[in-house]
Amino acid sequence: MKRIFTFFTVGIMLVACSRNAITGRNQLALYPESEIEQAAAQQYRQFLTQNKVVSTSASRDAEMVGGVGQRIASAITQYYTQKGLGNELNGYQWEYNLVDSKEVNAWCMPGGKIVVYTGLLPITQNEAALAVVVGHEVTHAVAKHGNERLSQGMLQQLGGVALSVALSNQPSTTQNLLMAAYGAGTEVGILLPFNRNQEYEADKFGLFYTAMAGYNPQEAIPLWQRMEAAANGQHPPEFLSTHPSEGNRIKRLQQLMPEALKYYKPVR
Ligand SMILES: [Zn+2]
């Protein structure tokens, strides 16, 4: 029986693997992006009603999160359009929210639904460093890491059934899997770290998008130094449990910096 299941699983994987046009890596994608974006939009609404959203009219920080999000989103949209891939982002309806929480974290759901926690801001300290984090998170979404992670999780836990079937038959398991796939799993008590390939892609393209959006990508180095220093403090960042650093992150970013700087045009 197990053998049959394995063949069946391999069959699905062969059918559902596709090459990512930006990263060049083959990825498992069992579900249409549009289906995941739709589920994500509902979960985002629910998350915002259950958490304390900081109003942009009352907070310069919330205004900054919105501004950074918009600039990153428009840089990515422009880049995808130039590459002839604009339709990949057709379903994106970008939203940016700052949520009042001590958690040192941020995430972006497929479809462009971004959350930054106030607990992250003492570590980012400035707008460009915040842009580095948002660029990293948005890359996880546009590089379809959510689909990849959800597909792997569904195969392991529910046998690769259709998303709609899973959502109606096992709603809480499926919703928790979705949250974990976006990197928002700490909300539901699941820590599912992005894997090494996904982290590398998010660091690399996130850095490029940050530069394209007019933020100095060199801010990434002191940012990650502050993040690593915080890991030894009293409240280690939740961010690092879902976005693991292998100690060579800063070295890799330094190697990518000359290319990132080619994209950098400061905004006046
Ligand atoms: Zn990451």
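Table for the structure above
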| quantity | calculated |
| --- | --- |
| Test: residue in the stretch 81-101 that is open to solvent by less than 40 Å² (accessible area, probe 1.4 Å), closer than 21 Å to Ser59 by Cα, among the aliphatic types (A, V, I, L, M) and modelled with pLDDT of 95 or more | yes |
| Top-ranked residue in the stretch 158-184 [being under 22 Å from the mean Cα position of the chain (by Cα) and open to solvent by 60 Å² or more (accessible area, probe 1.4 Å); ranked as nearest to the ligand (Cβ to nearest atom)] | Gln175 |
| Pairs, first in contact (Cβ under 8 Å) with a residue 40 or more places away in the chain and within 12 Å of Asn126 (Cα to Cα) in the stretch 211-234, second of a type in the set (Lys, Arg) and part of a helix (DSSP H, G or I), C-beta under 8 Å, six or more apart | Tyr215/Arg71 |
| Selected residue (criterion: nearest to the ligand (Cβ to nearest atom)) from residues of the stretch 216-265 that are among the hydroxyl-bearing types (Ser, Thr, Tyr) and within 19 Å of the chain's Cα centre (by Cα) | Thr242 |
| Of the criteria (1) farther than 21 Å from Arg25 by Cα; (2) surrounded by fewer than 20 Cβ atoms within 10 Å (Cβ to Cβ), which one Phe239 fails | (2) |
| The one condition in (1) crowded, with 18+ Cβ neighbours inside 10 Å; (2) at positive phi that Gln125 fails to fulfil | (1) |
| Qualifying residues in the stretch 185-197 (those that are in contact (Cβ under 8 Å) with a residue 24 or more places away in the chain and within 29 Å of Gln50 (Cα to Cα)) - the one nearest to the ligand (Cβ to nearest atom) | Phe194 |
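Residue by residue, here is whether (1) over 19 Å from Leu191 (Cα atoms); (2) among the hydroxyl-bearing types (Ser, Thr, Tyr) holds:
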residue: Lys113; (1), (2): yes, no
residue: Val116; (1), (2): no, no
residue: Ala128; (1), (2): yes, no
residue: Thr139; (1), (2): yes, yes
residue: Val142; (1), (2): yes, no
residue: His145; (1), (2): no, no
residue: Glu148; (1), (2): no, no
residue: Gln157; (1), (2): no, no
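The values are calculated or read from the model by the stated rules, or taken from the named source; none is laboratory data. Model, not experiment: these values are computed from the prediction. Counting neighbours? That spans all protein chains shown, and the Cβs are built from the backbone with ideal geometry, glycine included. For accessibility, only protein heavy atoms count, side chains too; no ligands or nucleic acids. Shrake-Rupley method; radii C 1.70, N 1.55, O 1.52, S 1.80 Å.
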